[in-house]
Amino acid sequence: MEAVVETEEKQSRGIGEIISIVEALIFVADEPLTVKTLAEVLEEDKETVQAAVEELAQEYEQRESGLQIREIAGGWQLATRTEFHEEVRKFLKTRPSAKLSLAALETLAVIAYKQPATVPEILEIRGVQSASAIKTLLDKKLIVARGRKETVGRPMQYGTSKDFLIQFGLKDLSELPSIEDFEDLAGGV
Amino acid sequence: MEAVVETEEKQSRGIGEIISIVEALIFVADEPLTVKTLAEVLEEDKETVQAAVEELAQEYEQRESGLQIREIAGGWQLATRTEFHEEVRKFLKTRPSAKLSLAALETLAVIAYKQPATVPEILEIRGVQSASAIKTLLDKKLIVARGRKETVGRPMQYGTSKDFLIQFGLKDLSELPSIEDFEDLAGGV
Amino acid sequence: MEQPAEQLTFDFDRVQPHIVYESRDDIKLTLGAFSGPLDLLLFLIKQEQANIFDIPIARITDEYLKYIRLMKTLDISLAADFLVMAATLIEIKSKMLLPREITGEPEEELEDPRRELIDRLLEHQKFKNAAEMLYERCAVEQAVFRRGRIESDENNTETNASVFDLLTVFQKILARHKEEIQMEIEREEMSLAEMLKRLKTRIFQVKEINLLELFQMMGSRQELVLAFIAILELVRTDDVKLLQRKTFGDIILKKV
């Protein structure tokens with residue numbers, strides 16, 4: 001044989017493969033990726049990686065993708081193309097409304113299990129003010145006002161709504177899992 | 001001209017533009033996106049969107065991208081291609097973690113095939129109490145409570161979650177091989 | 001505590017249980033745990049190279065009991081289900097020992113005492129294979145990664161919720177609540193004199209105190225009551241006055 005076979009650990013990659021890996025890495029990264037980092041992960045020299053990134057960016061440009069590979073804050077990032085911001089924004093707004101913040105979820109849990117519950121009672125159990133969470137839950141129609149409690153300040157009482165049952169797939173409140181349902185499970189760990 | 005021009009409020013988009021927007025939306029969504037949602041955001045009919053998504057998936061395939069557009073859990077998702085898992089893992093510094101025991105895995109198999117399944121039903125097949133395995137599966141959101149069974153003791157019923165489909169790379173439950181397929185193997189002990 | 005759209009990764013604990021025979025009577029458990037008595041039985045049948053449809057029940061029962069004894073000597077806590085199975089095996093074994101002619105019926109029509117066990121083993125084996133398939137699917141799936149966080153994720157601090165989440169969250173709140181109560185008990189009790197002194201020092205420093213904020217700072221019901229009395233006292237002695245700048249507005253404590 002005429003060629004000297006080098007004993008390298010890594011197999012040498014073609015430029016096409018390098019471009020694909022660069023694409024995958026930029027995609028999974030939380031932050032814009034620098035050429036330096038890419039070169040380290042790939043164990044390729046920076047010039048090769050720089051060329052690969054630029055080629056990749058151009059590819060996205062040429063095929064009029066909905067995405068772009070752009071240089072930002074010294075690194076490279078995958079992002080949507082600005083032309084489509086309207087549709088993207090519209091989509092982000094219509095994301096499932098069944099999603100709740102942790103504060104709202106906590107407040108909902110207290111109301112579900114302690115209903116009817118007043119604001120001071122919820123404060124007592126959660127240890128934090130829950131006003132905005134209660135507003136969110138009322139807006140999402142997961143809870144309803146249930147009249148005032150005949151006590152100092154006559155605070156409003158809240159309970160879960162019919163929508164709550166529907167969204168959480170419950171026939172009625174007796175279907176809520178009880179502490180006992182999970183006690184065995186929790187104890188058995 | 002032979003075609004009647006419709007007076008629509010929205011400008012009509014070419015298929016190329018629809019594909020680009022679909023790409024952008026699938027990218028920003030943090031969950032697999034259904035054709036239905038895509039169609040709603042785009043205000044296009046489902047057939048058009050379905051064709052666009054399929055074309056997009058094929059495009060990714062053809063240009064040997066580091067990424068793939070794939071159908072999972074009833075929706076479409078952008079993800080890295082399996083070939084490059086080594087480099088991606090090296091970059092993310094992840095090692096597979098969060099162990100699932102043999103017991104949890106068996107329990108998951110029973111729930112996946114018998115859903116909705118109750119604790120006594122799981123016990124019958126596994127021959128062993130499965131409380132802690134169920135707790136683990138609930139914590140990892142691989143299964144969800146599905147209401148109570150109207151029988152003695154009203155036991156809680158469990159089924160697999162959307163996360164289960166995602167984590168196991170399934171389009172839907174019908175993609176699971178039928179349980180009878182495992183019978184031949186059973187005879188061969 | 002927002003939940004980023006994090007990709008879970010699993011590594012199934014796949015250490016298969018294993019029994020090594022050191023000598024005829026001495027078996028050694030090397031690794032892992034059987035997922036249940038049926039799992040152990042299947043293993044023993046395989047080990048004995050026996051036919052699942054014609055289980056040599058006496059031999060398998062012996063092996064099973066040997067394993068259980070071993071577990072006990074190793075001080076491994078044994079699930080009750082393992083003992084139930086031991087009893088079942090012994091029962092089948094004794095039934096098998098009964099002479100069949102006594103019934104006077106042809107052998108074929110007699111129900112095999114092992115029948116139910118065999119059915120359960122076959123059923124269990126099916127799901128064991130299904131579990132194996134799931135394992136493999138997940139292993140493949142672990143080679144696929146989802147995108148990193150992008151800007152739109154950051155303003156989306158939402159969580160998906162199920163009824164189980166509701167219960168878990170509720171239990172966490174209760175646990176947190178219990179901790180707080182315990183902390184209160186540990187706190188030293190404050191006297192009215194101390195509270196008066198504390199309030200006076202504070203009002204001299206900041207000149208104005210929002211009453212609502214002050215009450216919210218109080219760690220316990222007792223402190224709250226003391227603060228209230230202390231304020232009444234300070235108003236009475238003309239050290240402070242109470243102001244309300246607009247109707248239903250916050251009440252301000254102001255140094256005279």
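Evaluated against (1) modelled with pLDDT under 90; (2) under 26 Å from the mean Cα position of the chain (by Cα), C:ALA143 falls short on exactly one condition, (2).
Among the candidates C:ILE45, C:ILE76, which residue alone is aliphatic (A, V, I, L, M), at pLDDT below 85 and farther than 30 Å from B:ARG89 by Cα? Give the derivation first.
On the way: C:ILE45 fails: at pLDDT below 85.
C:ILE76 is the lone residue from the list that is aliphatic (A, V, I, L, M), at pLDDT below 85 and farther than 30 Å from B:ARG89 by Cα.
Look through segment A:67-81, keep the residues that are small (Gly, Ala, Ser) and touching a residue at least 24 places away in the same chain (Cβ under 8 Å), and return whichever of them is farthest from the other protein chains (Cβ to nearest Cβ). Reasoning before the result, please.
In the first step, residues of segment A:67-81 are kept if they are small (Gly, Ala, Ser); the result is A:73-75, A:79.
Now drop any that are not touching a residue at least 24 places away in the same chain (Cβ under 8 Å), which leaves A:73-75.
Values: A:ALA73: 13, A:GLY74: 17, A:GLY75: 12 Å.
In this case the residue turns out to be A:GLY74.
Of the residues making up segment A:107-119, those that are more than 7 Å from chain C (Cβ to nearest Cβ) and surrounded by 21 or more Cβ atoms within 10 Å (Cβ to Cβ) are A:THR107, A:ILE111, A:ALA117. Just to be sure before I move on: is A:VAL144 crowded, with 21+ Cβ neighbours inside 10 Å and either modelled with pLDDT of 90 or more or in contact with a Pro (Cβ under 9 Å, 6 or more places away or on another chain) (or both) in the structure I sent? Here the answer is no, as A:VAL144 does not meet what is asked. Of all the residues in segment B:18-52, those that are farther than 16 Å from A:LEU67 by Cβ and part of a loop (DSSP other than H, G, I, E, B) number 6.
Out of the residues in segment C:210-256 that are in a helix (DSSP H, G or I) and of a type in the set (S, T, N, Q), state the one that is surrounded by the fewest Cβ atoms within 10 Å (Cβ to Cβ). Before you say what the answer is, go through the steps one by one.
Just the residues of segment C:210-256 that are in a helix (DSSP H, G or I), to begin with: C:211-217, C:221-236.
Okay, now just the ones that are also of a type in the set (S, T, N, Q), so C:216, C:222.
On the way: C:GLN216: 11, C:GLN222: 14.
So the residue we want is C:GLN216.
For segment A:64-81, a tally of residues being surrounded by fewer than 22 Cβ atoms within 10 Å (Cβ to Cβ) and touching a Gly at 6+ places or on another chain (Cβ under 9 Å) returns 2.
This table checks each residue for (1) in a loop (DSSP other than H, G, I, E, B); (2) facing chain C (nearest Cβ under 8 Å); (3) surrounded by fewer than 18 Cβ atoms within 10 Å (Cβ to Cβ).
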site: B:LEU105; (1), (2), (3): no, yes, no
site: B:ILE125; (1), (2), (3): no, yes, no
site: B:ALA133; (1), (2), (3): no, no, no
site: B:THR136; (1), (2), (3): no, no, no
site: B:GLU150; (1), (2), (3): yes, no, yes
site: B:GLY153; (1), (2), (3): yes, no, yes
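Out of B:LEU123, B:LEU165, one residue alone is under 18 Å from the mean Cα position of the chain (by Cα) and not basic (Lys, Arg). It is B:LEU165.
Which of the following residues is more than 12 Å from chain C (Cβ to nearest Cβ) and either within 30 Å of B:ILE21 (Cβ to Cβ) or without any contact (Cβ under 8 Å) to a residue 12 or more places away in the chain (or both): A:PHE91, A:PHE84, A:PHE168?
Working: A:PHE91 fails: more than 12 Å from chain C (Cβ to nearest Cβ); A:PHE168 fails: more than 12 Å from chain C (Cβ to nearest Cβ).
Unique residue meeting the criteria: A:PHE84.
With respect to B:GLU183, is the statement that it is more than 7 Å from chain C (Cβ to nearest Cβ), free of Cβ contacts under 8 Å to residues at least 60 places away in the same chain and either of a type outside the set (S, T, N, Q) or crowded, with 17+ Cβ neighbours inside 10 Å (or both) true? Can you show your working first?
On the way: more than 7 Å from chain C (Cβ to nearest Cβ): no; free of Cβ contacts under 8 Å to residues at least 60 places away in the same chain: yes; either of a type outside the set (S, T, N, Q) or crowded, with 17+ Cβ neighbours inside 10 Å (or both): yes.
No; evaluated as a whole, the condition is false for this residue.
Within segment B:53-102, the residues that satisfy the criterion of being in a helix (DSSP H, G or I) and charged (D, E, K, R) are B:GLU54, B:GLU55, B:GLU59, B:GLU61, B:GLU83, B:GLU86, B:GLU87, B:ARG89, B:LYS90.
The values are calculated or read from the model by the stated rules, or taken from the named source; none is laboratory data. Computed from a predicted structure; not experimentally measured. Cβ coordinates were reconstructed from backbone atoms using ideal geometry, including for glycine residues, and neighbour counts include every protein chain displayed.
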